[in-house]
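Undergrad: My questions all concern the structure below.
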Amino acid sequence: MPDPGDAAPARRRIAYVLPVYNEQDNIAVFHDALTEATAARDDLDFEFVYVDDGSRDSSLERLLELRTADPRVTVLSLSRNFGHQLAVTAGLDLVAEDGTADAVIVMDTDLQDPPRVSIEMVGLWETGVDVVYGQRRSRKDSVFKRSTAYVFYWALDRLASIEIPRNVGDFRLMDARVVAEVSRYREHGRFLRGIVAHVGFRQEALLFDRDERYAGETGYPLRKMLSFAANGILGFSTAPLRMISRLGIAISLLSVLLALYVLYVRIFEPDQTVPGWAFLGVGMFLLGGLQLIMMGVIGSYLGRVYIEAQDRPLYSLSLVARDGGPPHPRRH
Ligand code: UDP
Ligand code: MG
């Protein structure tokens, strides 16, 4: 071992974690843009970890092709579509296990997150910031996507026990020690941006303009968006459970007032009758509905407990291609 004192400072290494789901027409353009942006920092080493999330198009073949021209490309392939959050997790796990990267950048592969912004993130990281998250100054998503996102983050802000920044996706740079912490969180219903906020360290925003998707279509249809939102709220808040008891107390108080009213009429105005079955009917359905909704709230938490208790692996890899070697099936 040479004396660390007179050795040239080791080159710092940045790993990109890049989830891919049906992005066949984006991959080449994206990789070119990324190579161009990273070329500005030839004092750093880069690794590009593409995670194919069970794509049904020729994304995987395109990714493997990239490796022939660029040995810095690593390709992981999940055995089926596990979803964006788990695809990113698989990439982060590889980097955390390997331990050679000094920082990791997570970004989408549809060119919505501009590669040159990731290099700005590196600049901030070098000043000592542990997490640089991309905050959208503007975004070109549909009105529907923007308004649902707004409502969701408003609710999350009010409910969650930790502060999760608004207008922030998963586009971010994390120092290696943050990645090590994040990969200790093994929950199944994953909400990575919440986990990153939860681990702490020094976090700062970098404003950027989010572009339109270059080609293909979103891999986040309404169904996935809803389950993602549920993971955010259920994973970081037990406020809905407390709301049940509050609602119960409110309804009970109301019924006491109602009872007093009935008693009053009965004693002091014997000629007047208290309105009957219509009121009872409506009240019954209202309470029945409320009770079912509240059971649903409890059920959602219970469902998460069940999933966690099963403790299944988060994802399965079907292929790993790294270090210039040929792709090989994953050994465990
Ligand atoms: N993605 C993924 N698995 C999925 C859906 C999406 O790995 O099941 C990837 C996708 O290839 C992209 C990123 O996650 O790189 C963000 O997805 P998308 O652009 O479809 O979401 P949006 O930008 O519309 O929210
Ligand atoms: Mg996108």
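Undergrad: Spelling out what I want: for every residue of region 176-181, take phi, set θ = phi - 60°, compute 6.51 cos²θ - 1.76 cosθ + 1.60 (Karplus), and round to whole Hz; glycine and proline get x.
TA: Those phi angles translate into 4, 5, 5, 4, 4, 5 Hz.
Undergrad: Mind listing the phi-derived Karplus ³J(HN,Hα) values for region 101-111, rounded to whole Hz, using 6.51, -1.76 and 1.60 with θ = phi - 60°, and x for any glycine or proline?
TA: 7, 8, 8, 10, 10, 9, 8, 6, 10, 9, 6
Undergrad: Compare Glu269, Glu120, Glu65 in a GNM of the chain, Cα atoms joined below 10 Å, and give the one with the largest fluctuation.
TA: Answer for the Gaussian network model of the chain: Glu269.
Undergrad: If I build a Gaussian network model for the chain, linking alpha-carbon pairs within less than 10 angstrom, which residue out of Ala259, Ala101, Ala160 has the largest mean-square fluctuation?
TA: Among Ala259, Ala101, Ala160, the largest GNM mean-square fluctuation belongs to Ala259.
Undergrad: So, one more: Expressed as a whole number of Å, what is the distance separating the alpha-carbon centroids of region 37-72 and region 98-149?
TA: Each part reduced to its Cα centre gives a spacing of 17 Å.
Undergrad: Post the alpha-carbon centroid distance, region 228-277 to region 180-204, in whole angstrom.
TA: So the separation of the two Cα centres works out to 39 Å.
Undergrad: Tell me what the chain gives for mean residue ellipticity at 222 nm when only DSSP H runs of n ≥ 4 count, each as -39,500 (n - 2.57), the sum divided by the residue total, rounded to 500 deg cm²/dmol. Intermediate values should be presented prior to the final figure.
TA: Values: 10 runs with 162 residues, N = 332.
One gets -16000 deg cm²/dmol as the mean residue ellipticity at 222 nm.
Undergrad: Using θ = phi - 60° and the Karplus form 6.51 cos²θ - 1.76 cosθ + 1.60, what ³J(HN,Hα) does each residue of region 49-66 get, whole Hz, x for Gly and Pro?
TA: 8, 8, 10, 7, 8, x, 4, 9, 9, 8, 4, 4, 4, 4, 5, 5, 4, 4
Undergrad: For the chain, divide the Cα radius of gyration by the Kirkwood radius and give the resulting Rg/Rh value with two decimals. Intermediate values should be presented prior to the final figure.
TA: Working: Rg = 25.8 Å, Rh = 22.8 Å.
Using only Cα positions, Rg/Rh for the chain is 1.14.
Undergrad: Among Asp25, Asp110, Asp98, which one shows the biggest mean-square fluctuation in a GNM of the chain, springs joining Cα atoms closer than 10 Å?
TA: Looking only at Asp25, Asp110, Asp98, the largest GNM fluctuation is found for Asp98.
Undergrad: Also, I was wondering about something else. Starting from the 7 Å offset along Cα-to-Cβ, what nm value, one decimal, do you get for the label separation of Leu290 and Thr238?
TA: 2.3
Undergrad: For the chain, take the longest principal axis of its alpha carbons; what is the angle in degrees between that and the long axis of helix 222-236, to the nearest 10 within 0 to 90?
TA: So the helix axis and the longest Cα principal axis differ by about 80 degrees.
Undergrad: Can you figure out the FRET efficiency of Ser147 with Ser318, using R₀ = 56 Å and their beta-carbon distance, to the nearest 0.05?
TA: Rounded to the nearest 0.05, the efficiency is 0.90.
Undergrad: A further question follows. Could you order the peptides 293-300, 279-286 from most to least packed, using the average number of other C-beta atoms within 10 Å per residue? The partial results should precede the final answer.
TA: Numbers: 293-300: 12.9, 279-286: 10.8.
Result, highest mean Cβ count within 10 Å first: 293-300, 279-286.
Undergrad: Kindly rank 123-133, 244-254 from highest to lowest mean number of other beta carbons found within 10 Å of each residue. Could you put the intermediate results ahead of the total?
TA: Values: 123-133: 17.5, 244-254: 11.3.
Most protected by this proxy first, the peptides run 123-133, 244-254.
Undergrad: Whose amide H sits under 5 Å from the amide H of Ser318, counting only residues 5 or more places off or on another chain, with H placed in the peptide plane?
TA: Ser77, Leu78, Ser79
Undergrad: Moving to a separate point now. Expressed as an acute angle from 0 to 90° and rounded to the nearest 10, what is the orientation of the C-alpha long axis of helix 143-159 relative to the principal long axis of the chain?
TA: 70
None of the figures in this text is laboratory data; all of them are computed from the coordinates on show. Not measured: the values here are computed from a predicted model. All Cβ positions, glycine included, derive from the backbone under ideal geometry; neighbour counts span all protein chains shown.
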